[in-house]
Amino acid sequence: MPRLSPLDLNKLTPDQKTVADAIVAGPRGGLRGPFDPWLRRPELADRAQKLGEYCRFRNSIPPDLSELAICLVGRHFKAQFEFYAHARLAKEAGLSAEIIEAVRTRQSPPFTREVERVVYDFVTEYLATNRVSTPNYKRAVDAFGEPGVVDLVGVCGYYMLVSMTLNVFEMPLPPGEPDPIA
């Protein structure tokens, strides 16, 4: 049960309506996940949704690998909605169901490409230690270049904010959907 009552979209302030309309008109097409809580602070919602639009739709990491990073962050923080939404998006982006399931269950994923392992090692090492070792950093730079590593960090950082928002405000899954993370 969410900690916040859903906003009545017919009673938004002008600032809230401007931001909500921009989110709906953008590539997301709707107000799901963290947007209801964020709209209580329209300036935060506006800035966060713009960062999220870049991180999700415009970063330089291939979509399947970006979604792998997002699923790893969602799994780490046990953000049910985030993992639920991005496991589906990861599959649509071409990440194998076996890798997604391994991430969900904290098993060793059956990678078929070294670049998948690079993302996995980079993200999981950071989440476990709050650092990335020189060898994993170098592998990521070799795979994506320095700008790509900046994008990978941005994707992970943005989805850490999303995870915290979803968890703190106990944002629910769609009705009838079971929690994907035990």
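Where a number appears in this text, it was derived from the coordinates with a stated rule and is not lab data. Everything numeric in this text was worked out from a predicted model, so none of it was measured. Here the Cβ is made from the backbone with ideal geometry for all residues, glycine too, and neighbour counts use every protein chain on show.
Structure above, values below:
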quantity	calculated
Between 0 and 90°, nearest 10: helix 134-168 axis offset from the chain longest Cα axis	30 degrees
Net charge over other residues, Cβ less than 12 angstrom from the Cβ of THR112 (K, R count +1; D, E count -1)	-2
Shape of region 1-146, Cα gyration tensor, a/c cut at 1.5	prolate
Taking N as its residue count, the alpha carbon Rg of region 63-168 over 2.2 N^0.38 Å	0.98
Cα-Cα over 27 Å, subset of LYS11/LYS50; LYS50/LYS138; LYS17/LYS50	LYS50/LYS138
Of every Cα-Cα pair in region 13-58, the percent that sits beyond 15 Å	31 percent
